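First comes the structure, then the notes that go with it.
Derivation of every value follows stated rules applied to the coordinates shown; laboratory data play no part. Quick caveat: nothing in here was measured; it's all calculated off a predicted structure. Positions of Cβ are backbone-derived with ideal geometry, glycine not excepted, and every protein chain shown enters the neighbour counts.
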């Protein structure tokens, strides 16, 4: 979970200030959490508080309640317009989105699911309360699947094959080929495969996040997605966790720490 949060903070400085290099300060005075962190915390809390994760109706209800509560509390965190209005509705309904918000908030699923089938079910349940477009669901499922496989010790080649075969993402282009022409993109179909590619081409948590920021796109979200996978595969350096924790308010830090404790018990 801190993998996604730290990635969000590292990328936050460059969300609307694109760079095309991996050489940049990892944290600065301007590094801060955004809506990616708020919703990552919200979904993690919802899943931890749901007694039976096989009860998908209960999962969806908990996710909606938690996302609305956290989103209303941190309403200025940078939410998109349609989601911003969703937060205030008494009876919020999905709105056909295929934005990458479904993927940036899903990291807890990859840790808490018991098997690959449950990964798909839970990822769908956390996504389709808002992002019920097939691409929005697929982006969440592919991200959660990569995290699940990474924490289970699968190789990058094994992870790549499953993501390609089951979700149809194309990883044929290298980051060096993609980077010069890549631009700000918030759709799952044009940002999730690129974020996963950043993981494939990295050799540590830090290098994966640097790859994601260097694309010059939706830097905070892509670094959150890539960072979540990298944490499951490589772990995350304590100094990076410390930097991220220090930038969180106490209520978010409490949830993130509780999730870390539960995650540690699962490994």
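Structure notes:
- Shape call, segment 9-49: gyration tensor on alpha carbons, a/c limit 1.5: prolate
- Candidate values (i) 19.4; (ii) 20.0; (iii) 17.7, label of the one derived for Kirkwood radius over Cα pairs in Å: (iii)
- Gaussian network model of the chain, springs between alpha carbon atoms under 10 Å - residue of 81, 136, 101 with greatest fluctuation: 81
- Label sites at residue 58 and residue 238, each approximated as a point 7 angstrom past Cα along Cα to Cβ, lie 3.7 nm apart.
- Measuring nothing but how far apart in sequence close Cα pairs (under 8 Å, 6+ apart) lie, relative to its length, the chain scores a relative contact order of 30 percent.
- Label-point gap, in nm, between residue 246 and residue 161 - each point 7 angstrom along Cα→Cβ: 4.4
- Ordering 104, 149 by the number of other Cβ atoms within 10 Å of each residue's own Cβ, fewest first, gives 149, 104.
- Residue order, fewest to most beta carbons within 10 Å, for 241, 41: 241, 41
- For 128, 91, 257, 218, the sequence from fewest to most other C-beta atoms within 10 Å is 91, 257, 128, 218.
- Adding -39500 (n - 2.57) for every DSSP H run of four residues or longer, then dividing by how many residues the chain holds, sets the calculated 222 nm ellipticity at -19500 deg cm²/dmol.
- Cβ-derived FRET efficiency at R0 25 Å, residue 264 paired with residue 73, nearest 0.05: 0.40
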